[in-house]
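Take a look at the structure set out below.
Derivation of every value follows stated rules applied to the coordinates shown; laboratory data play no part. Just so it is clear, the structure is predicted and the values come from calculations on it, not from any experiment.
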Amino acid sequence: MIKVQQVMPLCGVLIGAVLAIGASLVSPASAENGDAEKLLKGMADYVASQKNLAVTFDSDIEVITNNLQKIQFTSSGQVQLSRPDKLRATRTGGYRDVEIVFDGKTLSVNNKDGKDYAQIEVAGTAEELIDVLREKHGVVAPGADLLLTNVFNIMMTDVVEAAVIGKGVIDGVECDHLAFRNVETDWQIWIESGAKPIPRKYVITSKGIGEAPQYTLRIKEWKTDVAADAFAFKPDPSFKKIALGDLSDIDEVPQGTTKTGAKR
């Protein structure tokens with residue numbers, strides 16, 4: 001989920017649930033809180049209204065090593081979504097090249113580095129698939145959480161402070177800069193100003209971890225058309241088909257790195 005959690009096994013990329021905070025901890029909404037929530041809700045409603053989306057992104061995740069050195073790993077990817085039940089997500093970094101494809105019936109996870117892939121039959125919507133992947137298989141569709149129809153409720157769960165910081169410019173586009181706080185994390189989002197409130201940048205800071213590592217997602221392209229064959233999976237004939245549980249490590253952070261970093 002957009003709520004954030006310590007870097008998880010496999011490809012813990014954007015998703016996780018943060019704390020169990022009682023409702024009594026939530027401060028009464030101030031005018032500033034209300035403005036921030038209104039802008040976030042506008043973004044969420046706009047995203048949910050798009051039947052087809054094709055989004056490219058860059059992501060950075062920081063980890064803290066045993067000798068307290070902060071190291072950042074960078075990836076790029078794309079998410080293509082056709083509501084209600086089609087999804088393709090890719091993530092390419094210096095250590096992993098992974099692809100997830102769901103055509104409404106079959107889920108395919110393609111590990112290009114390991115030259116193998118796995119497939120399982122899955123029923124339901126793309127949003128339900130994202131939950132199943134994360135909770136049952138430890139696999140995350142990179143960047144997909146920001147595109148969910150219930151993104152507002154997910155993001156606002158456990159928020160104790162919200163503020164409109166002001167304006168910012170992301171890749172030449174003017175954005176509204178919002179900041180939110182939970183007990184363990186601070187997170188910020190930059191939303192394009194105007195008629196198309198697109199999320200342009202998202203940063204999560206882990207306050208409960210020394211050196212306060214961050215996770216950053218920057219959206220580069222946002223399109224509302226998807227090719228007709230975008231959700232057809234065609235594996236490389238030289239790749240081996242294996243069980244989903246037998247896939248090698250597909251995390252964006254290489255094995256051997258201390259994973260005590262960014263909560264996402």
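For the stretch 84-239, the relative contact order comes to 15 percent (Cα pairs under 8 Å, sequence separation of at least 6).
For the stretch 55-100, report the % of Cα-Cα distances exceeding 16 Å. Across the stretch 55-100, Cα pairs with separations above 16 Å total 51 percent. Taking a ≥ b ≥ c as the square roots of the Cα gyration tensor eigenvalues, with a/c under 1.5 meaning rounded and otherwise prolate when a/b beats b/c, else oblate, which class fits the stretch 35-134? It comes out oblate by the Cα gyration axes. Size descriptor for the stretch 86-221, Kirkwood hydrodynamic radius: 16.9 Å (Cα pairs only, one decimal).
Within a straight-line Cα-Cα reach of under 20 Å, residue 51 can be paired with the following aspartates and glutamates, leaving aside sequence neighbours fewer than 8 residues apart in one chain: 85, 103, 127, 128, 131, 145, 192, 221, 225, 229.
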